[in-house]
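Q: Attaching a single structure in structure tokens format; questions to follow.
Please treat every number below as a calculation from the coordinates, not as lab data. All of these numbers come straight from a predicted model, not from anything done at the bench. All Cβ positions, even for glycine, are placed from backbone atoms using ideal geometry, and neighbour counts span all protein chains on display.
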Amino acid sequence: MKKLLKAAVAVSLALSSSTVFAEKPNDDKPIFSSSTFKAMELRNIGPAYMSGRIADIAIDQNNPSTWYTAVGSGGVWKTTNAGNTWTPIFDKQAVYSIGDVTIAPSNSNIIWVGTGENNGGRHISFGDGVYKSVDGGQTWNNVGLEKSEHISDIIIHPTNPDIVWVSAQGPLWSGGGERGLYKTTDGGDTWKQVLTPADKWTGVTSLLIDPRNPDKLYAATWARQRSIAVYVGTNEGAGIHTSDDGGETWTELKTGLPEGNMGKIGMAISPMNPDVLYATIETDNRKGGFYRSADQGASWTKVSDEIGAGTGPHYYQEIFADQHQFDRVYIASNYSKVSDDGGKTWTPINTKRKHVDDHAMAFHPTDPDFVLMGSDGGIYMSHDRMANWRFMANLPLTQFYKVAPDDSKPFYMIYAGAQDNSTQGGPSRTMREEGIKNKDWFLTLGGDGHQPAVEPGNPDIMYSQWQQGNLTRVDMTTKEGVYVKPQPLPGDPAERYNWDAPINVSSHDPARIYFASQRVWRSDNRGDSWTAVSGDLTKNGNRMHMPMMGRTWSVEAGWDLYAMTEFHTIANFSESPVDENILWAGTDDGIIQVTTNGGESWKKIELDAIKGIPATAYVNDIRADLYDPNTVYVALDNHKYGDFKPYLIKSTNLGKKWTSLADDLPAKHLVWRIVQDHVNKDLMFIGTEFGVFFTVNGGKKWVELDGGIPTISTRDVKIQRRENDLVAGTFGRGIYILDDYAPLRALTEKSMQQDALLFAPSRPVKWFKLDTRHSDSDGDDRFVAENPAHGATLTYFLKDSLLTAKGKRQEAEKKLLEDDKYPKYPSWEAIEAELQEPEPAVYVEIRDNAGDVINRVSGSTKKGLHRITWDMKYSNTTPLTKKDSKNNGLMALPGTYSATLFKREGATVTQLAEPVQFTLESIYEGALEGASAEEITTYGNALTKAQKRAMSSTTVLKQVKDTMALLRVAIDRTPSNVTQFEAQFASIQSEINDINKAFTGLESRNRKGIKPANIMSRLRYARSALNSSYGPTQQHKDQLGYAEDELSQVIARIKTLHETTLPALQQAVVNEGGPWTAGIPVIAN
């Protein structure tokens, strides 16, 4: 490849096709802040093939192709084409947990959202009140009730959208907050509590409005509390109430309803006869029944024992009245049911091809056979009354607890345990140009998926588990699992496993794994046999004696211990990578334990002995330092006691003393996981309740990484060390990857005082040909996640933006105005100079191992951090025929390359940073031995040369044709005898036709079957040799040779035409008084 000469005064640059990530800088923020690091963008890889929990669905009754869905743990999504495509519309709000979405009946652009889903699940997050949009979800305002935490229903007045009622259930883990029913008459500017609950544990869980009379309301109250240990969900505060004056006054309805404690109550009103009400009512110990009223709630009749019990009534209990068939009622549960007689008898809903655990339904205004159902596994649509289902496989909403990247090649796999959606596995990227699709994912185990683990260096072995410690070793070559959960010996007490039991593969021996119940278990043969290396490391109390809702409870109460952890368990575990005898365990009941002798003896550390740490804190994560055996990091969580403060502590002396690393974390960002970089001990990452953070100084200062990722709970962060990738498992938006985070190792407040910095890829760049042979006709509803940019991604930092004279003037004038001073109009010469000044440029120059410049990649000129990608191609040096022609050169071969950062201001080019080196490394080796790299390079150069000759020749030939068209007119207008001109014109045209035939064959045979080979067909075949890494065959070389021989002949003929024959005829026409045509000298006299 001919070297591109670098000129210091170069005005034009060959700029490659590139991917550029940049963020508009905020000059008001310090350089070491989130806005600077937005270029370090996280990449979502899905998946969407099992989706996630849906809390509510709203169909626009005025435009039934528009739907909004409230995701229990993933924001709000909107479709305007009945689910064909979806857009997240709530991503940058402060919270992500949604309980309700409601469309104003009188104005479809007004949308209200209640944050904090309304169930009693062990895993749910919390909200911060009510949001309102007046533009269909494009923008949002929080309009109050910030302390409600969980919103159940929102009802908007049918004709006056400023009147809104909101039912607030209130905090789940503690008493107080904003509970009850609230009303606004001014669109959310002010609120009035119109139904006050009985106590600090009671809120409003369901709300109805009579469609005939907006003053007629019904509200169901509910008292409940959950802790780590237990859940109680019935109390005397529960009941059904009605109002006849728009909620100003209320009457409790009792006739026919259960006496004593009630729990969660789901209500519905018949759209066809609003005198008829339905209620499913929980009573003590998961019992209850279905009630119907035919007189607006004045009296009730129990018609069946049906409740939405499932894995706990607190999790379901939603009922829906069909708007097309009277007395057809649906009840949501793990296996939902439908009744056609007002609740007397029930039929299970078809779940043959559908996820269970339903929470939401919605109906079409005119189609009685249409129904949408929202479950723990996403949204399903039926057009035949639930006989058959279509799954919306384009909503990436999976709630992942833990993730584990393995060491597969060329692309590592990621395994992740999901809430109610099994343990899933999928690739970090694919060779497919389109990206990662749902079909790339698979399951390794069913149930609720929890912490997976992989064996370092051996991607054939991984570990999966379903809830409460059911551990399975999976052989990925056979896809078979072996059940290896540790079993107690005769006489041992029952093993108490956490819902998400911790597993740890040893850093010292890949066959050694640790697992934990209330004891720590060790296996040295991948789980075939186990030895307990501790006794009970927890407090081991009686959870049934814990006070709930301010008191203790006996047998007859709203107990519900289904689908929750065994209490007094080891929640997290860590082995020191430095000293195999140092082991750490953290419990769910406020204890840290450490051993320095492999488990022979343990030292207990009570959390209340650590300054600032609550005694009840749950150990979310415990991580032994990668470098120092005496150092440990512990992420603690007390939110299940109503305390949302982040806790992150560090000890450097095996737990004797502790310091906080959470002092500058934002409020409510409770810390889930921490991971330490394996190269720079001070670089760490954490996943919090609302995002991902990193520190470059060991935790003294944290910076949020919010590029490319929405507000979402990040339950796990792991590092794939070979690739220097950060893998983040979110609880509701799938998995995110920060590709090659290595620049963060060198970016500090001190280093960013330099004018510019440039970072090469930290690992070999994967060289391969993108696979474009895949379907692009699978519809717009398919889900596809992006691969990383194909090529070498370089990261650079600019301390200051590059400004033109105009930009500098505007900056100076801005500062004058800030000082209450006013600029004067510049001179005309200065303005003219501004108009003529070229824009500045920043680019990276790519050189091969011989030092030859092979391409340039343009980047942003703005201050801050940026990422650009060289697509591993040479600059396209074939002839330019138009300004915007693609820079699609030949692909560079594997090898060593360098990159240098430059800026261009005016006509001056300046190097900004020292060159950096990187390697392109092929990810595959063909089955057959092809051409050598040297042969491919030689052939590519020859092909490029031939293409240049061909393109320049055809371009000149086109110019000759264009001139001939003008000359035809000129001859016709010549005021003399043109007989001789006609003969010459015909001769030239005949020569052009013969040259055209040599290039492309007879035009008359186009699309009429085969025709003999020609120059262009031979070159096309010759170029196909570079579509694979095999290189050219002898036939490719032969065809290139034939094309070159023919080119040499036609180029000489074109040259004669262009430079001699045609200009002579043009001049002769001028000499006879005819018109001048372009291509000959100007008329001087």
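Q: Find, among the trypsin sites (Lys or Arg not before Pro) in segment 302-352, those assigned to loop by DSSP (not H, G, I, E, B) with at most 12 other beta-carbon atoms within 10 angstrom.
A: Here the sparse-neighbourhood loop sites are LYS352.
Q: Something else: Report the net charge of residues surrounding LYS479, where surrounding means a beta-carbon distance below 14 angstrom and charges are Lys +1, Arg +1, Asp -1, Glu -1. Working shown, then result.
A: Numbers: positive: ARG473; negative: ASP460, ASP475, GLU480.
Spelling it out: positives minus negatives among the neighbours equals -2.
Q: A further question on this structure: Which cross-chain or sequence-distant (5 or more) residues have an amide H under 5 Å from the amide H of ASP420, H modelled 1.01 Å from N in plane?
A: Answer set, sorted by chain and number: ASP448, GLY449.
Q: Mind checking the full-extension length gain between ARG212 and GLU818? Use 0.36 nm per residue of separation minus the Cα-Cα distance, one decimal, nm. The partial results should precede the final answer.
A: On the way: separation 606, 0.36 × 606 = 218.16 nm, distance 5.84 nm.
Full extension of this stretch gives 212.3 nm more.
Q: For segment 992-1066 and segment 723-751, compute the distance between their C-alpha centroids and round to whole Å.
A: Computed from Cα coordinates, the inter-centre distance equals 51 Å.
Q: What are the ³J(HN,Hα) couplings of segment 817-826, residue after residue, when phi is run through the Karplus curve with 6.51, -1.76, 1.60 and θ = phi - 60°? Round to Hz, x for glycine and proline.
A: Karplus values, whole Hz, x for Gly and Pro: 5, 5, 9, 6, 10, 10, x, 9, 5, x.
Q: Output ³J(HN,Hα) for segment 827-838: one whole-Hz value per residue in order, computed from phi by the Karplus curve 6.51 cos²θ - 1.76 cosθ + 1.60 with θ = phi - 60°, and x for Gly and Pro.
A: With the stated coefficients, segment 827-838 comes to 5, 4, 5, 5, 5, 5, 5, 4, 5, 8, 6, x Hz.
Q: Give the label of the value calculated from the structure for Rg and Dmax of the Cα atoms in Å, choosing from (1) 37.0, 137; (2) 34.9, 113; (3) 35.6, 122.
A: Identified label for the calculated read-out: (3).
Q: If you don't mind, another one. Got a sec? How would THR695, THR185 order by Cβ neighbour count within 10 Å, fewest to most? Before the final figure, lay out the partial values.
A: On the way: THR695 19, THR185 15.
Lowest to highest Cβ neighbour count: THR185, THR695.
Q: So, one more: Which GluC sites (Glu not before Pro) in segment 501-587 sit in a loop by DSSP (not H, G, I, E or B) and have at most 15 other Cβ atoms within 10 Å of their own Cβ? Intermediate results must be reported in sequence, preceding the final value.
A: Values: sites: GLU556, GLU566, GLU575, GLU580; in loops: GLU556, GLU566, GLU580.
Passing sites in segment 501-587 are GLU556, GLU580.
Q: Where does the chain land at 222 nm, in deg cm²/dmol rounded to the nearest 500, when only DSSP H runs of n ≥ 4 count, each adding -39500 (n - 2.57), divided by all residues?
A: Values: 7 runs with 127 residues, N = 1085.
The helix-only estimate for the chain comes to -4000 deg cm²/dmol at 222 nm.
Q: Additional query: Per the Kirkwood treatment, what hydrodynamic radius in Å, one decimal, follows for segment 498-610 from the mean inverse distance over all distinct Cα pairs? The partial results should precede the final answer.
A: Values: mean 1/r = 0.0649 Å⁻¹.
Kirkwood radius, segment 498-610: 15.4 Å.
Q: If you take the beta carbon distance between SER990 and THR185 as r and set R0 to 60 Å, what does 1/(1 + (r/R0)^6) give as a FRET efficiency, to the nearest 0.05? Could you put the intermediate results ahead of the total?
A: Working: r = 88 Å, r/R0 = 1.47.
With R0 = 60 Å, the Cβ-Cβ based efficiency is 0.10.
Q: How big is D for segment 369-513, in µm² s⁻¹ as a whole number, if Stokes-Einstein is applied with the Kirkwood radius of its Cα pairs at 10 °C and 1.306 mPa s? Numbers along the way, then the final one.
A: Values: Rh = 17.0 Å.
Answer, rounded: 93 µm²/s.
Q: For segment 771-837, run through the trypsin sites (Lys or Arg not before Pro) and keep only the ones in DSSP coil with at most 11 other Cβ atoms within 10 Å of their Cβ. Show your work: numbers first, answer last.
A: Numbers: sites: ARG773, ARG782, LYS799, LYS806, LYS808, ARG809, LYS814, LYS815, LYS821, LYS824; in loops: ARG773, ARG782, LYS799, LYS821, LYS824.
Passing both the DSSP loop test and the Cβ count: ARG773, LYS821, LYS824.
Q: Could you check the simple spin-label distance between ASN941 and GLU600, using points 7 Å along Cα→Cβ, in nm with one decimal?
A: In this crude label model, ASN941 to GLU600 measures out at 7.0 nm.
Q: For segment 100-125 and segment 803-833, what is the centre-to-centre distance using only Cα atoms, to the nearest Å?
A: A separation of 50 Å, based on Cα centres.
Q: Please find the FRET efficiency linking ILE923 to ASP972, where r is the Cβ-Cβ separation and R0 is fixed at 56 Å, and quote it to the nearest 0.05.
A: Details: r = 63 Å, r/R0 = 1.13.
In this case the efficiency is close to 0.30.
Q: If I stretch the segment between ASP341 and THR1000 completely, what's the gain in nm (0.36 nm per residue apart, minus their alpha carbon distance), one decimal? List each step's numbers first, then the result.
A: Working: separation 659, 0.36 × 659 = 237.24 nm, distance 7.68 nm.
Contour length minus the Cα-Cα distance gives 229.6 nm.
Q: In addition: Taking 0.36 nm per residue of separation and subtracting the Cα-Cα distance, what length does fully extending LYS439 through TYR562 add? Each step should come with its number before you reach the end.
A: Details: separation 123, 0.36 × 123 = 44.28 nm, distance 3.33 nm.
Taking 0.36 nm per residue and subtracting the Cα distance, the gain is 40.9 nm.
Q: Quick check: net charge around GLY308, other residues with Cβ under 13 Å of its Cβ, Lys/Arg +1 and Asp/Glu -1?
A: Numbers: positive: LYS264, ARG286, LYS287, LYS337; negative: GLU282, ASP305, GLU306, GLU318, ASP357, ASP358, ASP560.
Residues close to GLY308 contribute a combined charge of -3.
Q: Related question: Could you give the dipole magnitude of segment 601-675 about its Cα centre, charging the beta-carbon of Lys and Arg +1 and that of Asp and Glu -1, in debye to the nearest 20?
A: Numbers: 11 positive and 9 negative charges, 29 e Å.
Around 140 debye, computed over segment 601-675.
Q: Let me ask something additional. Starting from the 7 Å offset along Cα-to-Cβ, what nm value, one decimal, do you get for the label separation of ALA933 and ASP245?
A: So the two model labels end up 8.7 nm from each other.
Q: Okay, moving on. Past 29 Å, Cα to Cα: identify those pairs from LYS287/LYS352; LYS287/LYS668; LYS216/LYS668; LYS78/LYS337; LYS439/LYS862; LYS38/LYS437, in the order given.
A: Working: LYS287/LYS352 27 Å; LYS287/LYS668 36 Å; LYS216/LYS668 38 Å; LYS78/LYS337 27 Å; LYS439/LYS862 40 Å; LYS38/LYS437 26 Å.
From the list (LYS287/LYS352; LYS287/LYS668; LYS216/LYS668; LYS78/LYS337; LYS439/LYS862; LYS38/LYS437), the Cα-Cα distance tops 29 Å for LYS287/LYS668; LYS216/LYS668; LYS439/LYS862.
Q: Suppose each label sits 7 Å from its Cα in the direction of the beta carbon; what would the ASN680-ASP369 distance come out to in nanometres?
A: 6.2 nm
Q: Quick one: if you take sqrt(5λ) for each eigenvalue of the C-alpha gyration tensor of segment 137-241, what semi-axes come out, biggest first, whole angstrom? Working shown, then result.
A: Values: eigenvalues 126, 56, 23 Å².
Working through the eigenvalues yields semi-axes of 25, 17, 11 Å.
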